[in-house]
1. Got a sec? Which residues in the stretch 160-175 would a label at Q150 touch, if it sits 7 Å along Cα→Cβ and we count backbone N under 20 Å?
2. Expressed as a rounded percentage, what relative contact order does the stretch 214-391 have, with Cα pairs under 8 Å and six or more residues apart?
3. Suppose R0 equals 30 Å; then what is the FRET efficiency for V320 and F234 from their Cβ-Cβ distance, rounded to the nearest 0.05?
4. Restricting attention to the stretch 324-390, which chymotrypsin sites (Phe, Trp or Tyr not before Pro) occupy a DSSP loop and are surrounded by at most 12 other Cβ atoms within 10 Å?
5. HN-Hα J couplings of the stretch 230-238 from phi, Karplus 6.51/-1.76/1.60, θ = phi - 60°, integer Hz, Gly and Pro as x?
6. Under 14 Å from a point placed 7 Å out from the Cα of I108 along the Cα-to-Cβ direction: which residues of the stretch 136-176 have their backbone N that close?
7. Take the Cβ-Cβ distance between E94 and F216 as r, set R0 to 51 Å, and report the resulting FRET efficiency rounded to the nearest 0.05.
Amino acid sequence: MSQSMSLNERVEHIRDQTPLDAAEELVRLPADDIQFILSGLPSEQAVTIASHMGEAAAPGEAATRAVLSGMEETIGELMTGPTATLPSDYTVAEALTFMVKSSDVSGISYMFVTDADRLVGIVGMRDLILAKPSETLASIMVGEPFAFRQDTPLDEAIDEVQQRHYRIYPVVDDQQHVVGEVRGWKLYERLASELSAQAGSQYGVAKEEQINTPVFAAFRMRHPWLQVNLITAFAAAFVVGMFESTIAQIVALAAFLPVLAGQSGNTGCQALAITLRGITLGKIQDYPISRLLRKEILLGALNGAAVGVIAGVAMFAYAVSTDSANPAMLGFVIFIAMIGACMGSGIFGVAVPLLLQRFGADPATASSIFLTTFTDIIGMGLMLFLASTLVL
């Protein structure tokens with residue numbers, strides 16, 4: 001591949017190559033060029049080419065491997081080289097001349113303005129075109145621009161871009177020297193990836209696992225969480241076992257245990273999903289936790305009462321048809337237990353991810369495993385306790 005090609009020309013060149021030939025050519029390029037080219041290809045072709053590149057990347061090419069795996073951790077791994085960095089004393093005419101001579105003028109959205117090699121401002125294309133040719137960049141630039149540092153973690157960067165909506169963000173080192181730029185779409189793409197990974201993470205599926213992950217590698221990623229799930233399931237089974245005599249005397253309760261567990265579990269998962277979304281989008285920091293808890297408790301009470309009425313009527317009808325003792329009281333027990341279980345599951349749906357985050361764990365990882373255990377214990381435990389107290 002000719003080194004004189006622009007990135008857009010390289011995209012078209014790679015488009016016509018076989019996946020293996022394309023991979024061998026791309027692996028010799030800088031990581032930021034690889035990412036740009038792959039993003040310009042059809043998704044299926046890009047994935048196929050990338051699958052051939054993993055083994056070809058040299059062991060020391062950490063940035064390249066990060067791009068291929070999608071596991072970049074800092075802005076420095078995601079950035080590309082700066083497209084336009086000019087001194088503040090340059091005139092508008094000199095800046096336009098620079099653009100005309102640039103080999104990749106279509107990639108220039110902003111000009112980063114420096115003074116003594118330090119970033120001091122940004123000039124947009126509209127301001128550049130409307131300015132007089134004799135004006136300096138210092139006179140038309142936006143001063144004190146926001147910039148990322150190379151070592152800024154991506155999760156912090158994603159929080160920032162939700163408040164600062166720019167097409168391109170400059171990247172600087174400790175001395176405020178411009179060392180690169182990162183495009184906004186890359187960060188929003190990572191945000192979308194984080195959100196899509198939550199569904200799997202909640203059930204112990206690692207972010208690193210893809211559809212082409214080998215069987216034994218996938219087994220190592222998934223199985224530990226299934227063991228954790230087994231242990232927590234024993235806790236729920238122990239609670240049910242404590243009321244074995246109650247179930248033996250009121251057989252109708254056994255039929256409604258999965259109904260109660262399912263409703264409370266779903267209520268908790270709804271609260272969990274909202275909390276995880278707030279954490280990922282950075283909104284949880286600006287919303288009082290106590291207010292979120294009150295909201296989920298109220299929603300749990302309302303939802304529990306609405307489904308509890310139907311479940312209570314169903315329990316009454318089932319108890320009558322099976323000649324169970326005190327069917328009206330059994331229906332009332334189900335009604336109260338449903339309200340209490342849904343309120344408790346709302347609390348756990350908020351508390352579980354926040355506690356995981358507090359202790360330094362991924363708040364999305366296997367949250368539902370713990371949530372399911374808590375909701376089963378409180379739901380089934382409350383129903384059996386009420387039945388033991390009020391019916392027997």
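The numbers here are math on the coordinates, done by the rules we state, and not lab data. Since the structure is predicted, the reported quantities are computational estimates derived from the model, not experimental observations. No Cβ is skipped: glycine too gets one built from the backbone with ideal geometry, and neighbour counts run over all protein chains shown.
1. Once the point is set 7 Å along Cα→Cβ of Q150, 169-175 turn out to lie under 20 Å by backbone N, inside the stretch 160-175.
2. 35
3. 0.30
4. Working: sites: F332, F335, F348, F359, F370, F374, F385; in loops: F359.
Counting only loop positions with at most 12 other Cβ atoms within 10 Å, the chymotrypsin sites (Phe, Trp or Tyr not before Pro) in the stretch 324-390 are F359.
5. Result, rounded to whole Hz: 5, 5, 5, 5, 4, 5, 5, 5, 5.
6. From the stretch 136-176, the list is 137.
7. On the way: r = 60 Å, r/R0 = 1.18.
Efficiency computed from Cβ-Cβ geometry: 0.25.
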